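The values are calculated or read from the model by the stated rules, or taken from the named source; none is laboratory data. The structure displayed is predicted, hence computed values, not measured ones. Cβ atoms come from the backbone with ideal geometry, glycine included; neighbour counts cover every protein chain shown.
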Amino acid sequence: MRCLRMTSMNFLDVQALAALDEFQNLDRDIEGSAKRWKKFVEHETPEKEKFPQEWKNKSALQKLCMMRALRPDRMTYAVKCVLDTLVHQSSSKFANYLGILNNKQNYLSLVNH
C-alpha cells in the first residue's frame with residue numbers, strides 16, 4: 001500500500017476498516033490490485049470515480065468511509081456528491097409519485113362523473 005503514497009494515517013484507517021465485516025480484505029485488495037487503486041486514489045476527483053473491484057457495489061455510506069480512509073482531503077466533495085445523488089433520486093421518486101397521484105385523481109374524477 002505504500003506505493004499509493006498513503007500516509008501512515010491512511011494506512012491505519014484502511015486497516016481499521018478492514019477489521020470490520022463490511023470491509024473485510026479491503027487492505028489485501030488494495031495491495032493486490034495496487035495499480036487500480038493507485039489510479040483511483042491519485043485521481044484529481046476520486047469521489048466522481050467508481051471504486052475498484054467489488055468495492056464499487058458498496059452503499060453510499062460505506063463508500064464515504066473508504067473515501068475518508070483513502071482521501072480525507074476529498075470528503076467535502078464526496079459528501080456533496082452523495083447528497084446530490086440522494087436529492088436527485090428523491091426528487092425523481094417524488095415526481096413519479098405526483099404523476100401517479102395525478103393519474104389516480106384524473107381516473108377518480110372520470111369514475112365519479
> Yes or no: Lys56 under 22 Å from Ile30 (Cα atoms), in a helix (DSSP H, G or I), of a type outside the set (A, V, I, L, M, F, W, C) and at pLDDT 95 or above?
Replying inline: yes
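Somewhere in the stretch 42-53, is a residue more than 27 Å from Gln89 (Cα to Cα), modelled with pLDDT under 95 and either hydrophobic (A, V, I, L, M, F, W, C) or over 12 Å from the mean Cα position of the chain (by Cα) (or both)?
Within the stretch 42-53 (the criterion being more than 27 Å from Gln89 (Cα to Cα), modelled with pLDDT under 95 and either hydrophobic (A, V, I, L, M, F, W, C) or over 12 Å from the mean Cα position of the chain (by Cα) (or both)), the answer is yes, since at least one residue qualifies.
Please go through the stretch 21-61 and give me each residue that is among the aliphatic types (A, V, I, L, M) and on the phi > 0 side of the Ramachandran plot, ordered by number.
none
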>> Need the failing condition index for Glu44 against (1) of a type in the set (D, E, K, R); (2) farther than 25 Å from Asp84 by Cβ; (3) not in a helix (DSSP H, G or I), just the number.
In response: (2)
>> Looking only at the stretch 38-50, count every residue that is in contact with a Phe, Trp or Tyr (Cβ under 8 Å, 6 or more places away or on another chain) and closer than 21 Å to Ser8 by Cα and tell me the total.
In response: 2
> Taking the stretch 69-92 on its own, how many of its residues are part of a helix (DSSP H, G or I) and either within 14 Å of Lys48 (Cβ to Cβ) or of a type in the set (A, V, I, L, M, F, W, C) (or both)?
Replying inline: 16
> Can you find even one residue in the stretch 11-29 that is assigned to a loop (DSSP other than H, G, I, E, B), aliphatic (A, V, I, L, M) and without any contact (Cβ under 8 Å) to a residue 60 or more places away in the chain?
Replying inline: yes
